[in-house]
Amino acid sequence: MPADLAAYAATVTVADGAWGTQLDALGCPPGYCREEWNLSHPDAVRSVAASYVEAGSQIVLTNTFSANRFTLGKHGFEEQVAAFNEAGARLSKEAAGDRVAVFGSIGPTGKIIMVGEVSEEQVYQAFAEQAEGLAKGGVDAVVVETMTELAEILAAVRAVKDTTGLGVVACMTFDSGPEQTDTMMGVSPRQAAEALSGAGADMVGCNCGAGVDNYVKVTALLHEATDLPIWAKPNAGVPELDGGQVVYKERPEDYAARVPALIDAGANVIGGCCGTGPEHIRRIVQMLQKRRR
């Protein structure tokens, strides 16, 4: 059943953590199209969603972050948009049952409208195609996430609304500028909140980025600029290189210890992005239980 995103403004809800690193740990080869696993390895994909449900997530996403025509085209799967998105939604719904909401994940195309790589209409059509597949798979709402360009995320919000009528969470990644509170394309939290609210987003937020502490600042700026609920899914600290691999070293207990500041800044839905897993979510749930007592 479609989710009423306005209801999230009155409470604190726990979302899930990262998907990519969890699938990689289950054997998805480096550089391979993770979304293809929705068809070839459904049990593995379903198990990621189930692990977050077991950890206490009240919202889980779908393995569809890069399942748009442009990104899938790099792997030769541009004609599988509908199949990958519908399957990704269905697998998360099977893991969630009736207990947990499922929000479809839509990430960026990898193209920049500003420099003319692609037109707004082309991006809009790609997101509409993806949203239609997610809706057929039964998602309760859609999360447009990890965006940096305002024109792209606005096209995504419009596409989801026009195509499905589902609620939309609109998130950008803020890790640039003097205070690390702008996107890499120079969009501030206030600009994002005002533009996304005007475009019909039902919730706005931030994900990925430079860790919880930085997103406390970003969340406060978003909260000042809008009355919409705020979504926050930071990375597990700042990424570091270790033996040629990008790693996130913030431990689950340290991550969860910073979450109260995120709530105080105005976050209504809290989860994790790169470097986080079920244990991070479990610690957040435990922290919230203690806070409520």
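Figures for the structure shown
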quantity: Every residue from the stretch 15-33 that is within 26 Å of residue 285 (Cβ to Cβ) and either touching a Phe, Trp or Tyr at 6+ places or on another chain (Cβ under 7 Å) or buried (at least 23 other Cβ atoms within 10 Å of the Cβ) (or both); calculated: 15, 16, 17, 18, 19, 22, 23
quantity: Qualifying residue in the stretch 113-134 (condition: assigned to a helix (DSSP H, G or I) and more than 15 Å from residue 69 (Cα to Cα)); calculated: no
quantity: Where residue 156 falls short, out of the listed (1) in contact (Cβ under 8 Å) with a residue 40 or more places away in the chain; (2) surrounded by fewer than 22 Cβ atoms within 10 Å (Cβ to Cβ); (3) under 27 Å from residue 128 (Cβ atoms); calculated: (2)
quantity: Count of residues meeting criterion [closer than 17 Å to residue 231 by Cα and assigned to a loop (DSSP other than H, G, I, E, B)] in the stretch 173-183; calculated: 5
quantity: Any hit, the stretch 50-59, residues being crowded, with 22+ Cβ neighbours inside 10 Å, within 17 Å of the chain's Cα centre (by Cα) and not hydrophobic (A, V, I, L, M, F, W, C); calculated: yes
quantity: Some residue of the stretch 255-278 being within 23 Å of residue 105 (Cβ to Cβ) and open to solvent by 60 Å² or more (accessible area, probe 1.4 Å); calculated: no
quantity: Test: residue 93 is open to solvent by 10 Å² or more (accessible area, probe 1.4 Å) and touching a strand residue (DSSP E or B) at 6+ places or on another chain (Cβ under 7 Å); calculated: yes
quantity: Counted residues, the stretch 205-254 - those being buried (at least 23 other Cβ atoms within 10 Å of the Cβ), in contact with a Lys or Arg (Cβ under 8 Å, 6 or more places away or on another chain) and among the β-branched types (Val, Ile, Thr); calculated: 1
quantity: Selected residue (criterion: nearest to residue 22 (Cα to Cα)) from residues of the stretch 71-89 that are crowded, with 19+ Cβ neighbours inside 10 Å and in contact with a Gly (Cβ under 9 Å, 6 or more places away or on another chain); calculated: 88
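Here is a yes/no grid of residues against (1) polar (S, T, N, Q); (2) more than 29 Å from residue 112 (Cα to Cα):
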position	(1), (2)
210	no, no
229	no, no
232	no, no
235	yes, no
247	no, no
285	no, yes
288	no, yes
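The values are calculated or read from the model by the stated rules, or taken from the named source; none is laboratory data. Since this is a predicted model, take the numbers as computed values, not measurements. In this analysis, Cβ positions are derived from the backbone assuming ideal geometry, glycine residues included, and neighbour counts consider all displayed protein chains. Ligands, DNA and RNA are excluded from the accessible area calculation, which covers all protein heavy atoms including side chains. Shrake-Rupley method; radii C 1.70, N 1.55, O 1.52, S 1.80 Å.
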